[in-house]
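One structure, pasted below without further comment.
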There are 2 protein chains.
Amino acid sequence: MSELFVRTLREDPADAEVPSHRWLVRAGYIRRVAPGIYSWLPLGLKVLHKVEQIVREEMDAMGAQEVRFPALLPREPYEATDRWTEYGPNLLRLQDRKGVDMLLGPTHEEMFTLMVKDLYSSYKDLPLSLYQIQTKYRDEARPRAGLLRGREFVMKDSYSFDVDDAGLQEAYDRHRVAYQRIFDRLGLEYVIVSATSGAMGGSASEEFLAVADIGEDTFVRSPGGYAANVEAVKRPLAPEQDASDAPAAHVEDTPDSPTIETLVALSNERFARADRPWTAADTLKNVLFMLKHPDGTRTPVAIGLPGDREVDGKRLEAAVEPAEVEGFGDADFEAWPQLAKGYIGPGSQNGGSLGLDADGKGVRYLTDPAVVPGTRWITGANAPGQHVYDLVCGRDFTSDGVLDVAEIREGDPAPDGSGPLTLARGIEMGHIFQLGRKYAEALGLKVLDPNGKLVTVTMGSYGVGVSRAVAAVAEATCDDKGLAWPRNLAPYDVHVVATGKDAAALEFATELARQLDEAGISVLLDDRKASPGVKFADAEILGMPNSIVVGRTLADGVVEVRDRASGEKTEVGVDVVANHVIHLVRG
Amino acid sequence: MSELFVRTLREDPADAEVPSHRWLVRAGYIRRVAPGIYSWLPLGLKVLHKVEQIVREEMDAMGAQEVRFPALLPREPYEATDRWTEYGPNLLRLQDRKGVDMLLGPTHEEMFTLMVKDLYSSYKDLPLSLYQIQTKYRDEARPRAGLLRGREFVMKDSYSFDVDDAGLQEAYDRHRVAYQRIFDRLGLEYVIVSATSGAMGGSASEEFLAVADIGEDTFVRSPGGYAANVEAVKRPLAPEQDASDAPAAHVEDTPDSPTIETLVALSNERFARADRPWTAADTLKNVLFMLKHPDGTRTPVAIGLPGDREVDGKRLEAAVEPAEVEGFGDADFEAWPQLAKGYIGPGSQNGGSLGLDADGKGVRYLTDPAVVPGTRWITGANAPGQHVYDLVCGRDFTSDGVLDVAEIREGDPAPDGSGPLTLARGIEMGHIFQLGRKYAEALGLKVLDPNGKLVTVTMGSYGVGVSRAVAAVAEATCDDKGLAWPRNLAPYDVHVVATGKDAAALEFATELARQLDEAGISVLLDDRKASPGVKFADAEILGMPNSIVVGRTLADGVVEVRDRASGEKTEVGVDVVANHVIHLVRG
């Protein structure tokens, strides 16, 4: 400790929102260099190396072969797959001294595809799985939580190449098992959930989420085994209704009711229905936004959903990718004067209307799965202070399509009928994709099949957040005193703390450290001239699984062995402590 | 081999100028992604990892602590030391989504300085040596020779921090020893030579050069032990001469003598001297060039040197760093009309002259160490077809300073009087610098000394080209058949080649591979359906230290063990071959 390049901090860093970030910085494991960009100090790097090694072993064990691509990449391959554009501002672009466009790789599908195309040409060469553990770059709009969402980070990415769909399914399944082994070895509590494929494209994909309240991802589970990222939940269409007895739509004055709540209250007071009170679910809320497409153009979209539901921003973003969502501002309202702010509806009352015309002009109108033919609604009448009642879907208005982006709520039914959903949050630790033939087609990766015919290769893409895993494990194991590493990831097996001014204590501690070191146990020896209080606090912040306190009790022939996670303290005789600790460490 | 991601190529890659580049590509160890940017395939990555591990072990053994900094760095620290500008076009710069200037780190002096400043504050914290093995970026004007000069490459860089000069010297010496151990373990023939510090700044520095004809660096050695990169050779000033008996300078018509050779011939014919013939060494050649400074401004410089010497481009570049050298073009001659192209001289004949005036205006005139007061010269008379004779330095012209950039020649005396120099070429594998206080001063790294006074820390900076070492070892060991790795760096210990259509051969080879694998020997098994010729050629290209050929001779109870480096073939009995190979590998 007197020589180790580490300093613990008494204060939380100003930008630390989550415990793992706070403790990794305070314990001197990492330091911030720029937003979302960190340096690894000696203790942090040891943990990172251990995580890398676990990932490497499991990837090797499943038969994947390790390679390493550069981070600095040419533009052309990403142009061929359109990702140079689709990645938008998340891609770090630069020009070299000759003005050649380059990028810092956010993920390497294109490069692996081209490499396999370069080397392989026959179905006999396949199947093939390649992986790398490598530094990646994404210019996140909101880097946060330390290593959890960074702009430069370490990932294990792998890619499978197969001649047919069955082969892809097998490679996918083998990755799935390897990932379970990796996250089991990391000691993470995780769930495997259905996921959206996003900018990656492809058909099937699943995420491995470490369960954590501070996670950025929300997922749902049902008693019957359904599990999905909320972004990937596909609510089924509601059953159509018979609206043949519905009265004609009628516009009513609804002064001072700009919100769903005030509209429901006014409706119950002025237009009470006989059978039951109106609720927010009877109203049709129409939310406007602009889609900014990768080519820079902007188009307006309205989404109609029951008034008791909100649009879930992340579900919306995931649904419209690679387009980005922007607010519908005053300038947009000026450009679309038929839209009466706060009183927009899909009907033709007051000359307004949503939905595209035969020429594809107008405001695209997309509706929630609950808005189906025959459903009856109270909604805006396209004039300030007016709403329309008994507006029937299919009779009085139509939709340009379904957009399922309403927030998912605790208790909502699982889409597969497996019971009510519960919600929780998680950290995305891994993501496995069946990419299919998108990249192979764009870049011309074909092989000869047994009949001598050229067939396009089908691919999978698989990622593990390696630097993120360091933070996720820290998050899962830290407490209010500091870090508390599991044995297989701790920078050192034990922390030997020599206390007091008695030379005998430091002498015994040093000799014990030497013995343990000889037995292959890695030891952090606190040999500093500092108070016992400082040393104990540091041992708790740094978080080795066990510490051995050598001090006052030495005269009685015992030292104290502490378990960091449980806080348990055991007195152990000086003559047996080395063996005691060796057994603890080796399990 | 039937599953390994590798393909050997029959043809040399078009851009391969040197053997290591040719073979690393042809053997499927690396692949080019862009100029100076390579991917590592499985075999290449195994070698890289072994080199990394040797470097890591030796750095750990000398007490340096491993950390890892990001490659994507903020501009500000490099602005503070002026390197944002001084690096010129070699620095890869980019802007993030918010327009913030960033760079890809070419070397990390600034970042380490700031990190130590962040953690440490007292002389008691020092000495400290930190290192990282990390990916670096330099936008080389002429990337070449595969991994030998790339734009993205792996380096081990370390930095020492000390409170005084004696501490720096000790850290420097310890790095020097560690580097010797590293390059010894890599099996490289290397020399340690004095070097220039270049853009890094600092006082003393030495380079570790792997001796290789294809090396980019030229170094000199003397029998008495002098060794230096030619860039670092400082020739002493020639002794001044007595020119009191010299005639006045006289301009002569010298038609048709635009070159030194023609001028010497004409002088001997028309103005023959009594004592000896004129030689090129009697002429003063004045070479013009433009210096482009990091701020973009350009200034003209003339260098005067004996006509029997050429300017050495690399010595010139090293001497004027961080400025860059550009040619003196037609537009420049137009801007400086007193310079008569081909007949330039430092005298005032015909109204011309070189050298700065009292106001610092004019063309800066720098001279070779051979041009000292009292030396007498034939040189241009500043008019076409005219030269001036008996122009005496100190009497007829003066110099603005010494610039020692003439080429060093075999047989030149060593500057320290240790005998005649011999020249050779080498690959720069390592470079150690005593930086001193330049970075600590620029970034404010101070610690309290024992008297409670703030003192500026003194630093060293030390680099090993890790990916370059893979190429340097390949270069030193390959032959006309392919790669030939030393045991400690080979991707696999042995290559087992099963030949023939006899199932027994593949069976025995597979069982042998299994036995060796169990004994901890790593085996590459060629189990392909290919001809023996193809397999033997591949084994030679891939370059494992030993191969074991299992085939025809199996019926006689023997297999053939081949030594890749020597080409030696030994028949070994099938019952003892496993042990035989285990002994070979373990040494």
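Give the residues of segment B:282-330 that are of a type in the set (D, E) and under 26 Å from B:V392 (Cα atoms), sorted by residue number.
Filtering segment B:282-330 for residues of a type in the set (D, E) gives B:282, B:295, B:308, B:310, B:312, B:317, B:321, B:324, B:326, B:330.
Passing the criteria: B:D282, B:D308, B:E310, B:D312.
Working only within segment B:490-521, note down all residues that are of a type in the set (A, V, I, L, M) and farther than 21 Å from B:G44 by Cα.
Here is the first cut: in segment B:490-521, the ones of a type in the set (A, V, I, L, M) are B:490, B:494, B:496-498, B:503-506, B:509, B:512-513, B:516, B:519, B:521.
Answer for segment B:490-521, where residues must be of a type in the set (A, V, I, L, M) and farther than 21 Å from B:G44 by Cα: B:A498, B:A503, B:A504, B:A505, B:L506, B:A509, B:L512, B:A513, B:L516, B:A519.
Next up: Of everything in segment A:13-26 that's over 28 Å from B:G63 (Cβ atoms) and of a type outside the set (A, V, I, L, M), which residue is farthest from the other protein chains (Cβ to nearest Cβ)? Give the derivation first.
Just the residues of segment A:13-26 that are over 28 Å from B:G63 (Cβ atoms), to begin with: A:13-22.
From what is left, the residues that are of a type outside the set (A, V, I, L, M) are A:13, A:15, A:17, A:19-22.
Details: A:P13: 12, A:D15: 15, A:E17: 20, A:P19: 22, A:S20: 18, A:H21: 16, A:R22: 17 Å.
Applying the filter and picking the extreme gives A:P19.
Would you call A:K341 in a loop (DSSP other than H, G, I, E, B) and among the basic types (K, R)? Explain how you work it out, then say what you get.
On the way: in a loop (DSSP other than H, G, I, E, B): yes; among the basic types (K, R): yes.
So A:K341 fits the description; yes.
Scanning for something within 7 Å of another protein chain (Cβ to nearest Cβ) and free of Cβ contacts under 8 Å to residues at least 24 places away in the same chain, does segment B:54-61 turn up at least one residue? Please lay out each step first, then the result.
Taking segment B:54-61 and keeping what is within 7 Å of another protein chain (Cβ to nearest Cβ), we get none.
Looking for residues that are within 7 Å of another protein chain (Cβ to nearest Cβ) and free of Cβ contacts under 8 Å to residues at least 24 places away in the same chain, one finds none in segment B:54-61, hence no.
If you go through segment B:117-129 one residue at a time, how many are within 14 Å of A:R31 (Cβ to Cβ) and at the interface with chain A (Cβ under 9 Å from one of its Cβ atoms)? Give the derivation first.
Filtering segment B:117-129 for residues within 14 Å of A:R31 (Cβ to Cβ) gives B:117-120.
Next, from what is left, pick out any that are at the interface with chain A (Cβ under 9 Å from one of its Cβ atoms): B:118-120.
Number of matching residues: 3.
Would you tally the residues in segment B:204-232 being in contact with a Leu (Cβ under 8 Å, 6 or more places away or on another chain), over 14 Å from B:E428 (Cβ atoms) and part of a loop (DSSP other than H, G, I, E, B)?
Total satisfying the criteria: 2.
State all residues of segment B:351-383 that are assigned to a loop (DSSP other than H, G, I, E, B) and β-branched (V, I, T); if no residue qualifies, say none. Talk me through it step by step, then tell me what you get.
Residues of segment B:351-383 that are assigned to a loop (DSSP other than H, G, I, E, B), as a first pass: B:352-354, B:357-361, B:368-375, B:381-383.
Answer for segment B:351-383, where residues must be assigned to a loop (DSSP other than H, G, I, E, B) and β-branched (V, I, T): B:V371, B:V372, B:T375.
Let me ask you something else. If the requirement is being within 11 Å of chain B (Cβ to nearest Cβ), out of contact with any Leu (no Cβ under 9 Å at 6 or more places or on another chain) and crowded, with 20+ Cβ neighbours inside 10 Å, which of these qualifies: A:L114, A:L72, A:L45? Walk me through it before giving the result.
Values: A:L114 fails: out of contact with any Leu (no Cβ under 9 Å at 6 or more places or on another chain); A:L72 fails: out of contact with any Leu (no Cβ under 9 Å at 6 or more places or on another chain).
After ruling out the rest, the residue left standing is A:L45.
Mind checking whether some residue in segment B:472-486 is under 25 Å from B:R7 (Cβ atoms), over 43 Å from the mean Cα position of the chain (by Cα) and touching a residue at least 40 places away in the same chain (Cβ under 8 Å)?
No: zero hits.
Only one of A:E79, A:E52, A:E57, A:E109 is within 22 Å of the chain's Cα centre (by Cα) and surrounded by fewer than 20 Cβ atoms within 10 Å (Cβ to Cβ); which?
A:E52
Matching residues to (1) outside any loop (DSSP other than H, G, I, E, B); (2) at pLDDT below 95; (3) over 24 Å from B:R22 (Cα atoms):
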| residue | (1), (2), (3) |
| --- | --- |
| B:L524 | yes, no, no |
| B:A537 | yes, no, no |
| B:E540 | yes, no, no |
| B:M544 | no, no, no |
| B:S547 | yes, no, no |
| B:A555 | yes, yes, yes |
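Moving on to the next point. Does A:R10 count as assigned to a helix (DSSP H, G or I), more than 9 Å from chain B (Cβ to nearest Cβ) and out of contact with any strand residue (DSSP E or B) (no Cβ under 6 Å at 6 or more places or on another chain)?
no
Right, another one. Do any residues in segment A:279-293 that are part of a loop (DSSP other than H, G, I, E, B) have Cβ atoms under 7 Å from those of residues that are buried (at least 19 other Cβ atoms within 10 Å of the Cβ), where the two are at least six apart or on different chains, and which pairs are they?
Correct list of pairs: A:T279/A:V264; A:H293/A:A323.
So, one more: Just one of the numbered conditions (1) under 23 Å from A:T8 (Cβ atoms); (2) touching a strand residue (DSSP E or B) at 6+ places or on another chain (Cβ under 6 Å) is not true of A:V577; which one?
Only one criterion in (1) under 23 Å from A:T8 (Cβ atoms); (2) touching a strand residue (DSSP E or B) at 6+ places or on another chain (Cβ under 6 Å) is unmet by A:V577, namely (1).
Scanning for something in contact with a helix residue (DSSP H, G or I) (Cβ under 6 Å, 6 or more places away or on another chain), over 30 Å from B:R185 (Cβ atoms), of a type outside the set (K, R) and in a helix (DSSP H, G or I), does segment B:248-255 turn up at least one residue?
Filtering segment B:248-255 down to residues in contact with a helix residue (DSSP H, G or I) (Cβ under 6 Å, 6 or more places away or on another chain) leaves B:251, B:254.
Imposing the further condition that a residue be over 30 Å from B:R185 (Cβ atoms) reduces the set to B:251, B:254.
Pick out the ones that are also of a type outside the set (K, R) and you get B:251, B:254.
Now narrow it down to the ones that are in a helix (DSSP H, G or I): none.
No, the conditions are met nowhere in segment B:248-255.
Hey, another quick one. Somewhere in segment A:501-514, is a residue free of Cβ contacts under 8 Å to residues at least 24 places away in the same chain and under 43 Å from the mean Cα position of the chain (by Cα)?
Yes - at least one qualifying residue is present in segment A:501-514.
Separate question: Taking A:Y226, is it closer than 30 Å to B:M102 by Cβ and in contact (Cβ under 8 Å) with a residue 24 or more places away in the chain?
Working: closer than 30 Å to B:M102 by Cβ: no; in contact (Cβ under 8 Å) with a residue 24 or more places away in the chain: yes.
No.
Right, another one. Residue by residue through segment B:117-134, note down the ones that are closer than 23 Å to B:L91 by Cβ and out of contact with any Gly (no Cβ under 9 Å at 6 or more places or on another chain).
Of everything in segment B:117-134, those that are closer than 23 Å to B:L91 by Cβ and out of contact with any Gly (no Cβ under 9 Å at 6 or more places or on another chain) turn out to be B:L130, B:Y131, B:Q132, B:I133.
Exactly one condition in (1) more than 24 Å from the chain's Cα centre (by Cα); (2) of a type in the set (V, I, T); (3) surrounded by 18 or more Cβ atoms within 10 Å (Cβ to Cβ) is false for A:T218; which is it?
(1)
Output yes when any residue across segment B:137-145 is at pLDDT below 95, away from every other protein chain (no Cβ under 12 Å) and more than 27 Å from A:F5 (Cβ to Cβ), and no when none is. Even if it seems obvious, please write down each step before you answer.
First pass over segment B:137-145, keeping only residues at pLDDT below 95: B:140-145.
Narrowing further to those that are away from every other protein chain (no Cβ under 12 Å): B:144-145.
Next, only the ones that are more than 27 Å from A:F5 (Cβ to Cβ) stay: B:144-145.
Scanning segment B:137-145, I find at least one residue that is at pLDDT below 95, away from every other protein chain (no Cβ under 12 Å) and more than 27 Å from A:F5 (Cβ to Cβ), so the answer is yes.
In addition: Kindly indicate which of A:M200, A:M155 is at pLDDT below 95 and in contact with a strand residue (DSSP E or B) (Cβ under 7 Å, 6 or more places away or on another chain).
Values: A:M155 fails: at pLDDT below 95.
When all the criteria are applied, what remains is A:M200.
Okay, moving on. Only residues in segment B:232-261 that are not assigned by TED's automatic domain parsing to the domain that holds B:V193 count as the first member; pair them with residues that are β-branched (V, I, T) and assigned to a helix (DSSP H, G or I), Cβ under 7 angstrom, at least 6 apart or cross-chain, and list the lot.
Between residues of segment B:232-261 that are not assigned by TED's automatic domain parsing to the domain that holds B:V193 and residues that are β-branched (V, I, T) and assigned to a helix (DSSP H, G or I), the close pairs are B:D256/B:T262.
With the requirement that a residue be of a type in the set (A, V, I, L, M, F, W, C) and either touching a Cys at 6+ places or on another chain (Cβ under 6 Å) or under 30 Å from B:R144 (Cα atoms) (or both), what does segment B:210-254 give you? Give the derivation first.
Within segment B:210-254, the subset of a type in the set (A, V, I, L, M, F, W, C) is B:210-212, B:214, B:219-220, B:227-228, B:230, B:232-233, B:237-238, B:243, B:246, B:248-249, B:251.
The answer is B:A210, B:V211, B:A212, B:I214, B:F219, B:V220, B:A227, B:A228, B:V230, B:A232, B:V233.
Kindly indicate whether B:Y29 is facing another protein chain (nearest Cβ under 8 Å) and of a type in the set (S, T, Y).
no
Go through segment A:404-433 and give me each residue that's surrounded by 16 or more Cβ atoms within 10 Å (Cβ to Cβ) and in a loop (DSSP other than H, G, I, E, B).
Answer for segment A:404-433, where residues must be surrounded by 16 or more Cβ atoms within 10 Å (Cβ to Cβ) and in a loop (DSSP other than H, G, I, E, B): A:D404, A:V405, A:E407, A:I408, A:D412, A:A414, A:P415, A:L421.
Let me ask you something else. Name the helices (runs of 4 or more DSSP H) wholly inside segment A:26-93 in which the number of residues that are aliphatic (A, V, I, L, M) and under 29 Å from A:A178 (Cα atoms) is 3 or more.
On the way: elements: A:42-61, A:76-80, A:83-86.
Ranges flagged: A:42-61.
Okay, next question. Looking at segment B:99-111 only, could you name the residues that are closer than 20 Å to B:E66 by Cα, more than 9 Å from chain A (Cβ to nearest Cβ) and touching a strand residue (DSSP E or B) at 6+ places or on another chain (Cβ under 7 Å)?
Listed by number, the residues that qualify are B:G105, B:P106, B:T107, B:H108, B:E109.
The values are calculated or read from the model by the stated rules, or taken from the named source; none is laboratory data. As the structure is a prediction and not an experimental result, all values here were calculated from the model. FYI the Cβ positions are ideal-geometry reconstructions off the backbone, even for glycines, and counts take in every protein chain you see.
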